[in-house]
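Contents: one structure, followed by commentary.
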Ligand code: ATP
Ligand code: MG
């Protein structure tokens, strides 16, 4: 039987004891079932146990508030949601409801509460999200979500065109569930995603961003992107020229799009890295040249990719630091980092350990997505990584923080103003390059003598 966490059980018991119906519903039921299925058939990778447990109940919001007193917070009364604190987690308790007309393609104009679980399940987006689980382990699944989950199918509840027209964010949610859960859109659902994709223009970029980040980090992100590049093209038209773009170069066996999604699939699911992998070659189509021999070249593509990615990430309102990191990874993806202490030390100085490791992961993935005969750079990358590990183990100096002298030391020698910072930079460069030891006496001597 599917395990419901203790705190959530207590909450369900309390509601039932007061004479109401109460069920776990939505994502938590789906994920718990999926985890079970995957353990059973052992074919697909295990998914994490659900973290958020949502509850749906026949009790009205004010009844829930009254029942739980201090532990209840009216977090979304208009939509019937009360958040109840339980040991271990906060649980969203939402009254069975029907959604009214959707006017702005995102928010129902009005919600109507109902005493029918079936009606509540029917308002939900996908069959796999429209299952309820009781305290006693009873599964309420009138729309066939379990069967769809078993078959790896993503299917809208009801008429897909209508559901996407009510709320276009569901198109992105659909792609995200496909990517994260490894589902494939049932034909009508997939076709309706394409037919209604332009409606995404009405959706706030922040919401698209949230779905996109989860989508890109999904185990099946590549497949989901491959099925619907046109959907991504609505908010990121820059991706469209990549699709089907033949690179005309022996290093490549994939189109720019296939290369990018393959690289993405070869990276660990770190959001910045996944964005960088998808966008690292986005500038290629616009800098493409063909030489007399009929060979394709992409001079300056990294810089062009940075420009495009910068605008695309801004459009989706990704936070500044996030965007800057992605753009830096793209800027560096094609740079050769010499496999020497100096080469790796300089990169470490510029990027820091965390980002340099992401860059190495990107380089690995980029190389694995080239033509088979050219995948030999893995060895070089491993060499660079070994040097990085050794430098870190030796506590090598690569930041001002680690330098054996600081600004006060230089001021004591009589330096003032911008000269202090400039001199520290010079010292650090020399230390990273192995021209000076990171020792106080030697550094001060260098300063007095120059
Ligand atoms: P996760 O929490 O893993 O992102 P989830 O399925 O729990 O996935 P939530 O956004 O937490 O997604 O929503 C909880 C449930 O509410 C969903 O499972 C679904 O039944 C319903 N739901 C959420 N958003 C929508 C929507 N836009 N249209 C219809 N139903 C929705
Ligand atoms: Mg959820």
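Only the coordinates and a few stated rules stand behind these numbers; no lab work does. Everything quoted here is computed from the prediction, not taken from an experiment. As a convention, Cβ positions derive from the backbone with ideal geometry for all residues, glycine included, and neighbour counts pool all protein chains shown.
Here the contact order of the stretch 100-205, divided by its residue count and restricted to Cα pairs under 8 Å and six or more residues apart, works out to 26 percent.
With q set to 0.15, 0.22 Å⁻¹, the log10 of I(q)/I(0) for the stretch 173-301, from the Debye formula over equal scatterers at the Cα positions, is -0.72, -1.33. For the chain, a Gaussian network of Cα nodes joined below 10 Å ranks 337, 250, 171 by mean-square fluctuation, and the top entry is 250.
Diagonalising the gyration tensor over the Cα atoms of the stretch 71-227 and scaling each eigenvalue by 5 before taking the square root yields semi-axes of 25, 19, 17 Å, largest first. Cβ crowding within 10 Å, taken as a proxy for footprinting-reagent exposure, orders 166, 449, 51, 21 from fewest neighbours to most as 449, 51, 21, 166.
The listed peptides 349-358, 123-132, ordered by packing as a protection proxy, come out as 123-132, 349-358 (highest mean of other Cβ atoms within 10 Å first).
Taking the number of Cβ atoms within 10 Å of each Cβ as an exposure proxy, the fewest-first ranking of 259, 280 is 259, 280. If you run the Gaussian network model on the chain, springs between alpha carbon atoms under 10 Å, then out of 110, 219, 402 the most flexible one is 402.
Report the relative contact order of the stretch 245-384, percent, no decimals, based on alpha-carbon pairs under 8 angstrom and at least 6 residues apart.
With pairs under 8 Å counted, the relative contact order is 30 percent.
Taking only the Cα atoms of the chain, the ratio Rg/Rh comes out at 1.08, with Rh defined as the Kirkwood radius.
Per-residue ellipticity at 222 nm for the chain, helices alone: DSSP H runs ≥ 4 residues times -39500 (n - 2.57), over residue total, nearest 500 deg cm²/dmol?
Details: 21 runs with 230 residues, N = 450.
Helix-only estimate at 222 nm: -15500 deg cm²/dmol.
Footprinting exposure proxy ranking of 446, 245, fewest other C-beta atoms within 10 angstrom first, gives 446, 245. Contact order, relative form, for the chain: 9 percent (alpha carbon pairs under 8 Å, 6 or more residues apart, mean separation divided by residue count).
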